[in-house]
Every structure is written in C-alpha cells, then in structure tokens.
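K.L.:
My questions will all concern the structure given below.
The values are calculated or read from the model by the stated rules, or taken from the named source; none is laboratory data. A quick note: this is a predicted structure, and the numbers were derived from the prediction, not measured. Glycine also receives a Cβ, built like all others from the backbone with ideal geometry; neighbour counts cover every protein chain displayed.
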Amino acid sequence: MTLTDSHPDNIRKKYVITRMNECIFSFLLHDRKVVEIHCDRECGGNVPELGSIYIGRIKSIAKNIDAAFVETAPNVVCYLQLSDMKDPIYIKKGSSPKPQAGDELLVQVSREALKSKAPALTTNLTLHGKYVLLTTGRKQIGVSSKLPKAERERLLSLTAPFFASGDGSDDVHPEKSELCAGGQPSEAADAKNGTLRPYGWLLRTNAGGAEKDVLLADICRLKERFRLLVTHARYRTCFSCLYAMPPIYLSRLLNLYESEAEQIITDDRKLYDEIRGYLQENQKDDLEKLSFYEDRLLPMQKLYSLEHQLSGALAERVWLNSGGYLVIQATEALTVIDVNTGKYEGGKKREAAFLKVNKEAALESARQIRLRNLSGIILIDFINMESEKSTEELLAVFDLELRKDPIRTVLVDMTKLSLVEVTRQKKERTLAEAVKAGRSYDGGSTPGKNC
C-alpha cells in the first residue's frame, strides 16, 4: 500500500518509522499526538541484543550480591541475579549442583545496558509471538491481566482443548488441527542430557478477540522455534547466539498492541522492505496495515511534525493547557517531576483550581513517563492540596492512567512529604539516553561506518 497526497489521512492511530539524524526513530501517534518515541541505531556491534538467547559462561560468582557475572562473548560481561534462576538449562556443568565459574548455560538478555550498569540476563527463556508467549519460568497457562475478566475466561475456555492438561506440560493436540504436526510433549529439552521439563504459556493482550486457529498457529510456531533452539544448543560452542532478535525497531512491532496502531507508515524504502519481510514471516495479518509514504510535496516528517515532537519529548519543561507546567529532571538514582501552577489563575476556589491543574498534570505525567521511556523510581511533586478527598481523587485518576502503559508501571503511594512515588520496569534506556548514544555513536559520520 502506498500513501500519497491524494490518500485520505483519517486513521487515528499510527506507528511511524523513519530515519532522522543517522538513527531510526519510531513514533506511536494517537490523533497526531505522540505517545511513544524510540531511537535506535541500525547496528549494535558486539553488544548483547535485548531478547537474544546465548550460550553464556559464568565468569565469577559474587556471593555478597547474590549474582553471577556471565560472558556472552569474550570480555562481554553481563549480570545474572542468582535468586531469579529457575530451572536453568546447562550445556556444561561442573561438579557442584550450584552455579559455579566455568558453567555454560542458556541465558537471555532481559535488560540492555543502562548508564553504568551492564546488560542483565535471565535463565527464564521467553519466546514472543503476537498472541502468546512461551516461557520456561512458569509452568501454567496464564492470560494478560489487562484484558477484561470475560475475555480472559473466553480465551482460557478457547485454548483449553489445545492442551491435554491445565499446567501447560502437554502439547497442543495434533488431531485438533493440521497446523501443528508431531504432537511432541510441550516440554523444554535439557540441552545437556536430553531430559524434559515443562514450560508454560501466557496469552498476551493482543490475544483479545483472536480466534482459535490464529492462536493455535502462534502456539505451534513458538513450539517449533523452541524445539529447534534447545536441540541445536547441544552442538553449539560457548558464546553462540542461539536466537537472535531482529533489529529492535522491527521486534517492537510484535509488542505493539492491536488496539494501539491501525497503520504502520514509513517513508524509507529500505525500512519498508525490512518491515514487510518481518511482517510476512511473523505477523502476516498485519501486512495490510503497512504503507509507504511518498508525497514529495509534503514530507512525512513535516506532516506529523516529528522533529518538533522529538524536541518536546527531550525538553525539561512541558506546558499544560491550563497554563501550568511540568519540570522533568533525571538524576542517576531517580527522576523527579515537579508540577507548577504557572500562568493558571483559579480565582477564589483555590482547592478546586489546584485539583484541576493536578489532574491535568497527572494525565500528562503518565504520558511523559511512557513517551520518554522513564524507568526505575519516579517522584511527582504535585501542588499541595488541603482536602484528603481531593488527594484521593487525584491518585485514582493518576493510577488509572498509569495502568494503560504496556510496561509495568506501579503507583506505590504518597510519601509523608506529599511526593507521589511511581516505579516503572527497566527494559531499555530512556529516550534522552538513546538519542545521546545515537549521536555520539554516529558523530556525523557515514551511516554504518562504525558497525
């Protein structure tokens, strides 16, 4: 599909991918208002890619922090929390039943390098499909809590016939469909000695509304991918990458909720071909969403004000419609958002005025947290209000908005100093860090020169 100046631009939710400043930027737009921005380099060198699975070697054990330092390549050391190790799949194991230096095992990159922190690893291997994910870290069948209760029950009822038991330890019945052949047990083969252990499944938010055949096809695709992975692991050398994630600007399409993007647009022919190939292999039903923008009179970046949107997402001050504003400042330990009344004039009804600004600030703070990909501890200093009822109303509005974030975000509480504490799961670097890294990496040089 091709977008030109004659094409009606009436689609509300778009995922726009383009090249800017030698980097690849992805913008999620709802009614032309940006919800997410991501900045990625086209190549990552020897850096472990988020989601990729390696045969790693334990270099050392740090008992004081209950962690192991694992190499995924020579001199590329990552962090593995020992308390989170569940049913690790060893390729080479020493005499001790506990993890020890020299052990070789399958690990997956769960968090990319953040500031001074090394990439984090997990032995809980997870393969993502569009509708389901397979995981060795749990043995049950679960459903995304973001779906309504009725839909969760429908999906569980729909998928129950695919499994011989409710714990996910048996295969999709081959007689139920021609899509899944073989009927091997739904268990992870231990790459060292061939023993089998069960794995589990999670029906993702995207599974909402999906039909049986679509879910079964996704399940079978992941089962076969995992079977090949653990089978090949026995014959591969240490530091081998058993499962390489596609470029992150492509793999994000897999995590893009069905309800969040009605169209995927790019104005770069190479990116268009990459995206089309990726969708053809992994998400065929999304191919119809892909469009190539080629209006020469109005460039796509101008149409959606992408540079302006990026500039606003990197600014320290964010203005509110009411005349108030936010000041967003990041430190090494946490991020602080300060709410100010600014130009707002509330008249005599001081409490109602402050509540109005605070509620608008809560909605915008939730957007900015997701937009800037903030993570870890986030403190929001709202305007102080005297009424406890007003505070409860504010926190309820804020909590509801934070729950819309696809990355786990939790409103912890309001401290005694009236600071609202929020935590957000760390997966990728912040937008500001990604843009800074992209600029320092490219340095104005020819794209690909440093790869």
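K.L.:
Does L179 qualify as being at pLDDT below 75 and either outside any helix (DSSP H, G or I) or within 15 Å of K130 (Cβ to Cβ) (or both)? Reasoning before the result, please.
P.N.:
Values: at pLDDT below 75: yes; either outside any helix (DSSP H, G or I) or within 15 Å of K130 (Cβ to Cβ) (or both): yes.
Here the answer is yes, as L179 does meet what is asked.
K.L.:
Test of understanding: among Q329, Q280, which residue is loosely packed, with under 15 Cβ neighbours inside 10 Å, on the phi < 0 side of the Ramachandran plot, not assigned by TED's automatic domain parsing to the domain that holds H30 and not charged (D, E, K, R)? Walk me through it before giving the result.
P.N.:
Numbers: Q280 fails: not assigned by TED's automatic domain parsing to the domain that holds H30.
Matching residue, one of Q329, Q280: Q329.
K.L.:
From (1) surrounded by 13 or more Cβ atoms within 10 Å (Cβ to Cβ); (2) of a type in the set (A, V, I, L, M); (3) within 26 Å of the chain's Cα centre (by Cα); (4) not assigned by TED's automatic domain parsing to the domain that holds L271, pick out the condition that doesn't hold for L290.
P.N.:
(4)
K.L.:
Search the stretch 51-90 for residues being among the aliphatic types (A, V, I, L, M) and touching a Ser or Thr at 6+ places or on another chain (Cβ under 8 Å), and hand back the single one that is farthest from S251 (Cα to Cα).
P.N.:
The initial filter retains those residues of the stretch 51-90 that are among the aliphatic types (A, V, I, L, M), namely 53, 55, 58, 61-62, 65, 67-68, 70, 73, 76-77, 80, 82, 85, 89.
Those left that are additionally touching a Ser or Thr at 6+ places or on another chain (Cβ under 8 Å): 55, 68, 80, 85, 89.
Numbers: I55: 21, A68: 28, L80: 23, M85: 25, I89: 25 Å.
So, considering only residues that are among the aliphatic types (A, V, I, L, M) and touching a Ser or Thr at 6+ places or on another chain (Cβ under 8 Å), the one farthest from S251 (Cα to Cα) is A68.
K.L.:
Can I ask one more? Give the residue that is nearest to S52 (Cα to Cα), with candidates limited to residues of the stretch 62-116 that are crowded, with 20+ Cβ neighbours inside 10 Å and of a type in the set (G, A, S).
P.N.:
It comes out as S110.
K.L.:
Where in the stretch 370-438 are there strands (runs of 3 or more DSSP E), lying wholly inside it, with at least 2 residues that are of a type outside the set (D, E, K, R) and farther than 30 Å from K349 by Cα? Steps first, please.
P.N.:
Values: elements: 376-381, 409-414, 420-424.
Hits in the stretch 370-438: 376-381, 409-414.
K.L.:
How many residues, within the stretch 105-131, are among the hydroxyl-bearing types (S, T, Y) and touching a Leu at 6+ places or on another chain (Cβ under 7 Å)?
P.N.:
Taking the stretch 105-131 as the starting set, the residues that turn out to be among the hydroxyl-bearing types (S, T, Y) are 110, 116, 122-123, 126, 131.
With the extra rule that they be touching a Leu at 6+ places or on another chain (Cβ under 7 Å), the set shrinks to 110, 123, 126, 131.
Adding up the residues that qualify gives 4.
K.L.:
I need the full set of residues from the stretch 206-263 which are among the hydroxyl-bearing types (S, T, Y) and touching a strand residue (DSSP E or B) at 6+ places or on another chain (Cβ under 9 Å), in order please. Before the answer, list the steps.
P.N.:
Narrowing the stretch 206-263 to residues among the hydroxyl-bearing types (S, T, Y): 231, 235, 237, 240, 243, 249, 251, 257, 259.
Within the stretch 206-263, T231, T237, S240, Y243, Y249, S251, S259 meet the criteria.
K.L.:
Could you look through the stretch 44-76, keep only residues that are under 19 Å from the mean Cα position of the chain (by Cα) and in contact (Cβ under 8 Å) with a residue 40 or more places away in the chain, and pick out the one that is farthest from D267 (Cα to Cα)? Steps first, please.
P.N.:
Our first condition is that a residue be under 19 Å from the mean Cα position of the chain (by Cα); within the stretch 44-76, this holds for 44, 47-53.
Now restrict to residues that are in contact (Cβ under 8 Å) with a residue 40 or more places away in the chain: 47-53.
On the way: V47: 28, P48: 29, E49: 26, L50: 26, G51: 27, S52: 28, I53: 32 Å.
Residue satisfying both the conditions and the ranking: I53.
K.L.:
Report those helices (runs of 4 or more DSSP H) wholly inside the stretch 240-315 carrying at least 3 residues which are farther than 14 Å from F25 by Cβ.
P.N.:
Values: elements: 248-251, 269-282, 300-303, 306-314.
Filter on the stretch 240-315 gives 269-282.
K.L.:
Any idea how many residues of the stretch 392-410 are under 23 Å from S110 (Cα atoms) and among the hydrophobic types (A, V, I, L, M, F, W, C)? Walk me through how you get there before you give the answer.
P.N.:
First, the residues of the stretch 392-410 that are under 23 Å from S110 (Cα atoms): 402-410.
With among the hydrophobic types (A, V, I, L, M, F, W, C) added as a condition, the list becomes 402, 407, 410.
Matching residues across the stretch 392-410 total 3.
K.L.:
Which ones in the stretch 191-218 are assigned to a loop (DSSP other than H, G, I, E, B) and either at pLDDT 55 or above or in contact with a Cys (Cβ under 8 Å, 6 or more places away or on another chain) (or both)?
P.N.:
Of the residues in the stretch 191-218, the ones assigned to a loop (DSSP other than H, G, I, E, B) are 191-195, 199, 204, 208-211.
Hits for the stretch 191-218 are Y199, R204, G208, G209, A210, E211.
K.L.:
G102 - would you say it is part of a loop (DSSP other than H, G, I, E, B) and more than 24 Å from R227 (Cα to Cα)? Can you show your working first?
P.N.:
Working: part of a loop (DSSP other than H, G, I, E, B): yes; more than 24 Å from R227 (Cα to Cα): yes.
Criteria met by G102.
K.L.:
Can you tell which of S322, S387 is more than 23 Å from K427 (Cα to Cα) and surrounded by fewer than 16 Cβ atoms within 10 Å (Cβ to Cβ)? Walk me through it before giving the result.
P.N.:
Numbers: S322 fails: surrounded by fewer than 16 Cβ atoms within 10 Å (Cβ to Cβ).
Result: S387 is the single residue among S322, S387 that is more than 23 Å from K427 (Cα to Cα) and surrounded by fewer than 16 Cβ atoms within 10 Å (Cβ to Cβ).
K.L.:
Among the residues of the stretch 153-168, are any modelled with pLDDT of 90 or more, in contact with a Leu (Cβ under 8 Å, 6 or more places away or on another chain), in a helix (DSSP H, G or I) and assigned by TED's automatic domain parsing to the domain that holds I219?
P.N.:
Filtering the stretch 153-168 for residues modelled with pLDDT of 90 or more gives 153-155.
Now restrict to residues that are in contact with a Leu (Cβ under 8 Å, 6 or more places away or on another chain): 155.
Then keep just the ones that are in a helix (DSSP H, G or I); that gives 155.
Restricting the remaining residues to those that are assigned by TED's automatic domain parsing to the domain that holds I219 gives 155.
Taking every residue of the stretch 153-168 in turn, at least one turns out to be modelled with pLDDT of 90 or more, in contact with a Leu (Cβ under 8 Å, 6 or more places away or on another chain), in a helix (DSSP H, G or I) and assigned by TED's automatic domain parsing to the domain that holds I219.
K.L.:
Which one of Y293, Y304 is of a type in the set (S, T, Y), modelled with pLDDT of 95 or more, in contact with a strand residue (DSSP E or B) (Cβ under 7 Å, 6 or more places away or on another chain) and farther than 30 Å from E421 by Cβ? Write out each step before concluding.
P.N.:
Working: Y304 fails: modelled with pLDDT of 95 or more.
Just a single option satisfies the conditions, and that option is Y293.
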